[in-house]
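Trainee: This is the structure I have questions about; it appears just below.
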Amino acid sequence: MKHRNLILISLVFIAIQACSPQKASNEDLTQRLSDQLNVLVQATDDSEKLPRSWTEKDGYKMIGIRDWCSGFPPGMCWYMYELSNDEQWKNTAIKTTEKLDGVQFYTGTHDLGFMVFCSYGNAYRLTGDEAYKEVILQGAESLASRFNPVTGAIRSWDWGKWQFPVIIDNMMNLEMLFWASKVSGDNRFRDIAVTHANTTLEHHFRDDMSSYHVVSYDTITGEVERKQTHQGYSDDSAWARGQSWGLYGYIVCYRETGDAKYLKAAEDIAAFIIPNLPEDLVPYWDYNDPKIPNVKRDASAGALLASAFYELGTMVEDGQRYFDLADQLLETLSSPEYLAEGGANGGFLLKHSVGHLPGNSEIDVPLNYADYYYLEAIKRKRELKK
């Protein structure tokens, strides 16, 4: 019955889209995204798990709360509520966030910023409910427990052959620590975030400000033991989403500290990325794949860039160049090439993301974090236009 309902919703939605103008207004686009995301919600809301991806062959990839992507579906609903001002999306966001109950106590991952701040963080920002605040503060405590003063960093993975692996993605989780420090008055969270950012800036980046994916440290000396790019083309290549994580992370660090070295880092990372973008600006999955242009694109890396460029543009005198890039990226991502037709794509918004190509995982599929940062980019653009 669920499958039959999804087909009916899809057929109706496609019929509506056929009658719609090609270039939608903000309201039209919001309604289109709302209707599309509702397809995803209707197909998955009766599960205790959360949707991470979808393929026509295998259907939905559903995940538990300890998956690093678990915070994005609630976050998508909160952004949809913010964009649409529709109380139904608020109710859906509350219900979806409740599925994560208990995740704030999990200390087995560095991804608590994604899991807790993208969900409960947006919930608290938009509702002011104090219960959400307590969850976030506990999430920050759990994340801080993974900090090692010898390495000067927060441990990323608890698996593999590394002594103390730190991945560039971890820069995205610092925002929750900065927030927790301001709200609680406990400078420990901020100090950990700053130390981690400084350690990463010192060791993760090459001379051209491209970054490695993984840097592992010796837990006795704190020295670097290995540098790799686990999810990219090669250890010395620039994995596209990793570059976007780094850019976004140092923009946040500058916003939260005002330290000019973080702004310089963000602009230097952008200066590496921009010349390596294709004409439509949606990155190839790895900037150094020798088969370019005949390789997969990564819409998730593009959505991250769009959102990051909008904020970076507010921080520099010549910010319009970043705004223009973000506008172009959003236009491309909102085109038929990347934005799914109504009812298709399992209800996910964007097509053509790449999770882990060397691992043969989630290649050329929709991914929930691509949709999350796409919606965030739209939100940021509209806020700038006000």
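The values are calculated or read from the model by the stated rules, or taken from the named source; none is laboratory data. Only a predicted model underlies this, so the values are computations on that prediction, with no experimental measurement involved. Backbone-built Cβ (ideal geometry, glycine too); neighbour counts: all protein chains shown. Accessible surface is based on the protein model in full, side chains and every heavy atom, while ligands, DNA and RNA are left aside. Shrake-Rupley method; radii C 1.70, N 1.55, O 1.52, S 1.80 Å.
Trainee: State yes or no: is LEU50 at pLDDT 95 or above, open to solvent by less than 50 Å² (accessible area, probe 1.4 Å) and under 19 Å from ASP86 (Cβ atoms)?
Mentor: Spelling it out, it is not the case that LEU50 is at pLDDT 95 or above, open to solvent by less than 50 Å² (accessible area, probe 1.4 Å) and under 19 Å from ASP86 (Cβ atoms).
Trainee: How many residues are in a loop (DSSP other than H, G, I, E, B) and either in contact (Cβ under 8 Å) with a residue 60 or more places away in the chain or among the β-branched types (Val, Ile, Thr) (or both) when one looks only at region 220-232?
Mentor: Going through region 220-232 one residue at a time, the tally reaches 7.
Trainee: Where residues in region 356-386 are free of Cβ contacts under 8 Å to residues at least 40 places away in the same chain and in a loop (DSSP other than H, G, I, E, B), which of them is surrounded by the fewest Cβ atoms within 10 Å (Cβ to Cβ)?
Mentor: Going through the qualifying residues, I end up with LYS386.
Trainee: Is there a residue being within 18 Å of ASP364 (Cβ to Cβ), in contact with a strand residue (DSSP E or B) (Cβ under 7 Å, 6 or more places away or on another chain) and assigned to a loop (DSSP other than H, G, I, E, B) anywhere in region 298-311?
Mentor: yes
Trainee: Out of LEU357, LEU325, report the one residue that is in contact with a helix residue (DSSP H, G or I) (Cβ under 8 Å, 6 or more places away or on another chain) and among the aliphatic types (A, V, I, L, M).
Mentor: LEU325
Trainee: Of the conditions (1) open to solvent by 50 Å² or more (accessible area, probe 1.4 Å); (2) under 19 Å from the mean Cα position of the chain (by Cα), TRP245 clears all except one; give me its number.
Mentor: (1)
Trainee: If you check ALA197 against the conditions, is it exposed (fewer than 15 other Cβ atoms within 10 Å of the Cβ) and among the hydrophobic types (A, V, I, L, M, F, W, C)?
Mentor: The answer is no for ALA197.
Each row is one residue, and each column tells you yes or no for (1) surrounded by fewer than 24 Cβ atoms within 10 Å (Cβ to Cβ); (2) more than 23 Å from GLY246 (Cβ to Cβ).
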site	(1), (2)
SER300	no, no
LEU305	no, no
ASP324	yes, no
SER334	yes, yes
VAL354	no, no
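Trainee: Return the only residue of THR109, THR55, THR96 being modelled with pLDDT of 95 or more and surrounded by fewer than 17 Cβ atoms within 10 Å (Cβ to Cβ).
Mentor: Values: THR109 fails: surrounded by fewer than 17 Cβ atoms within 10 Å (Cβ to Cβ); THR96 fails: surrounded by fewer than 17 Cβ atoms within 10 Å (Cβ to Cβ).
Within the list THR109, THR55, THR96, the selection yields THR55.
Trainee: Related question: Go through region 263-286 and give me each residue that's surrounded by 23 or more Cβ atoms within 10 Å (Cβ to Cβ) and in contact (Cβ under 8 Å) with a residue 60 or more places away in the chain.
Mentor: Result: ALA265, ILE269, VAL282, TRP285, ASP286.
Trainee: If you check PHE178 against the conditions, is it crowded, with 24+ Cβ neighbours inside 10 Å and more than 28 Å from ASP324 (Cβ to Cβ)?
Mentor: In short, no.
Trainee: Related question: Select from region 63-87 the residues that are among the basic types (Lys, Arg) and either crowded, with 20+ Cβ neighbours inside 10 Å or under 23 Å from SER25 (Cα atoms) (or both) and list them in ascending order. Steps first, answer last, please.
Mentor: Going residue by residue through region 63-87, those that are among the basic types (Lys, Arg) are 66.
Selection gives nothing.
Trainee: Quick test of your reading of the structure: MET315 fulfils all but one of (1) in contact with a Leu (Cβ under 7 Å, 6 or more places away or on another chain); (2) open to solvent by less than 20 Å² (accessible area, probe 1.4 Å); (3) not in a helix (DSSP H, G or I). Name the failing condition by number.
Mentor: (2)
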